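Read the structure below first, then the notes.
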Amino acid sequence: MSQTSAYCIETRQLTRTFKNIAAVQDLNLQMPYQSVYGFLGPNGAGKTTTIRMLLGLIKPDQGDVRIFGEPMNRKNISIFRKIGALVESPSLYPNLTGEENLEVTRRMLDLPKANIAHVLRLVKLQDASQRVVKGYSTGMKQRLGLALAMLSDPELLILDEPTNGLDPAGIHEIRDLILELPKTAGVNVFLSSHLLSEVELMATHIGIIHQGHFRFQGTLSELNAHYAPQLILQVAARDEVFQILNSNGYEVQKNNGSIQVSIQSPEQAESINRLIIDHGYQIQQSFIKQPTLEDIFMTLTK
Ligand SMILES: Nc1ncnc2c1ncn2[C@@H]1O[C@H](COP(=O)(O)OP(=O)(O)OP(=O)(O)O)[C@@H](O)[C@H]1O
Ligand SMILES: [Mg+2]
């Protein structure tokens, strides 16, 4: 692997405007090697525009993209050989079989024949490989798209919303597959999504984009440290309980008639509940609230 830079993907001040819409603005994206990078943001945040620029499909107005330390350039064929991509839904030939679809791309890229069997196995489509694609389910098509992206045995896989349109079982399958890739194929994975809950199961690094700007970039544990789950407590003696928790060193807030405590683990919630009961106070209700992407956005954009 050509490791001339600290980052597998690095953008500097990447900017793209459509008419008067600033789709992507001053994005300094840094994806370390050997990571799974989750690129998160709501609809219209600028994810696909960024990915198109990463892949050289559209030109930035300003800024640049480096992949494996080299400037992204349509003419730099050696970079393209190292990248596999799936942007939105895969373009497939519906009247050809799964295997034939792969064969078309294999010939175009002049790749070894053995790669087809390898990727079919990887995405678990061996049994369906002789069926025409128009009879495939959405999940199977998505898996075939992933197989196409993996066909050249890339060092970097760029996936735009790979689980979009899939049912929970399909999402699970793709997720397992993506989790296996870095281990089995040694590939660096960059994927976009609008669901934090989904990405946090796969990603080691997270970038959150909103209205074309980064709101957060770092490791998943850094994100979790910033946005800890909250234990929500309904108690009659609100002021007294607040005092107890506060003097025991908890990060506690009064909120809408309840008390909110930042916690690091479910075990911590148990000890908080015990602490309150040991002081002779009753708890009417106690539950853990995981911050949603919206909560995090609210905090980040406040
Ligand atoms: N070709 C285009 N022409 C005009 N505006 C565009 C074009 N492509 C994107 N935009 C605008 O740029 C902004 C970012 O769009 P983009 O597709 O990058 O968002 P996204 O994060 O991928 O959203 P989604 O989750 O819906 O896929 C949006 O406001 C969109 O309307
Ligand atoms: Mg998009």
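The values are calculated or read from the model by the stated rules, or taken from the named source; none is laboratory data. Quick caveat: nothing in here was measured; it's all calculated off a predicted structure. Cβ placement follows ideal geometry from the backbone for every residue including glycine, while neighbour counts extend to all protein chains displayed.
At-a-glance table
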| read-out | value |
| --- | --- |
| Criterion: modelled with pLDDT of 85 or more, more than 15 Å from ligand 1 (Cβ to nearest atom) and within 19 Å of Met31 (Cα to Cα) - qualifying residue of Leu159, Leu179 | Leu179 |
| Any hit, the stretch 65-79, residues being of a type in the set (Phe, Trp, Tyr), more than 21 Å from the chain's Cα centre (by Cα) and assigned to a loop (DSSP other than H, G, I, E, B) | no |
| Pairs with Cβ under 6 Å, 6+ apart, first in the stretch 38-55 and more than 12 Å from Ala22 (Cα to Cα), second within 9 Å of ligand 1 (Cβ to nearest atom) and in a helix (DSSP H, G or I) | Phe39/Lys47; Gly41/Lys47 |
| So Asp26, is it closer than 22 Å to Ile206 by Cα, of a type in the set (Asp, Glu) and more than 16 Å from ligand 1 (Cβ to nearest atom) | no |
| Members of the stretch 182-202 found to be within 16 Å of ligand 1 (Cβ to nearest atom), assigned to a helix (DSSP H, G or I) and in contact with a strand residue (DSSP E or B) (Cβ under 9 Å, 6 or more places away or on another chain), listed by number | Leu196, Glu198, Val199 |
| Search result, residues across the stretch 24-49 that are more than 21 Å from Leu181 (Cβ to Cβ) and either part of a strand (DSSP E or B) or touching a helix residue (DSSP H, G or I) at 6+ places or on another chain (Cβ under 7 Å) (or both) | Val24, Gln25, Asp26, Leu27, Gly41 |
| Cβ pairs under 8 Å, 6+ apart, first in the stretch 157-170 and assigned by TED's automatic domain parsing to the domain that holds Ser137 and of a type in the set (Ser, Thr, Tyr), second modelled with pLDDT of 85 or more and within 13 Å of ligand 1 (Cβ to nearest atom) | Thr163/Ser193 |
| Checking Gly249 against (1) away from ligand 2 (no atom under 16 Å from the Cβ); (2) surrounded by 17 or more Cβ atoms within 10 Å (Cβ to Cβ), the condition it does not meet | (2) |
| Test: residue in the stretch 53-64 that is hydrophobic (A, V, I, L, M, F, W, C), in a loop (DSSP other than H, G, I, E, B) and touching an Asp or Glu at 6+ places or on another chain (Cβ under 7 Å) | no |
| Ser265, sole failed condition from (1) closer than 28 Å to Val36 by Cα; (2) hydroxyl-bearing (Ser, Thr, Tyr); (3) in contact with a helix residue (DSSP H, G or I) (Cβ under 6 Å, 6 or more places away or on another chain) | (3) |
| Members of the stretch 1-23 found to be within 13 Å of ligand 1 (Cβ to nearest atom) and either outside any strand (DSSP E or B) or of a type in the set (S, T, N, Q) (or both), listed by number | Thr15, Thr17, Lys19, Asn20 |
| Number of the exception - Val252 against (1) touching a residue at least 12 places away in the same chain (Cβ under 8 Å); (2) in contact with a strand residue (DSSP E or B) (Cβ under 8 Å, 6 or more places away or on another chain) | (1) |
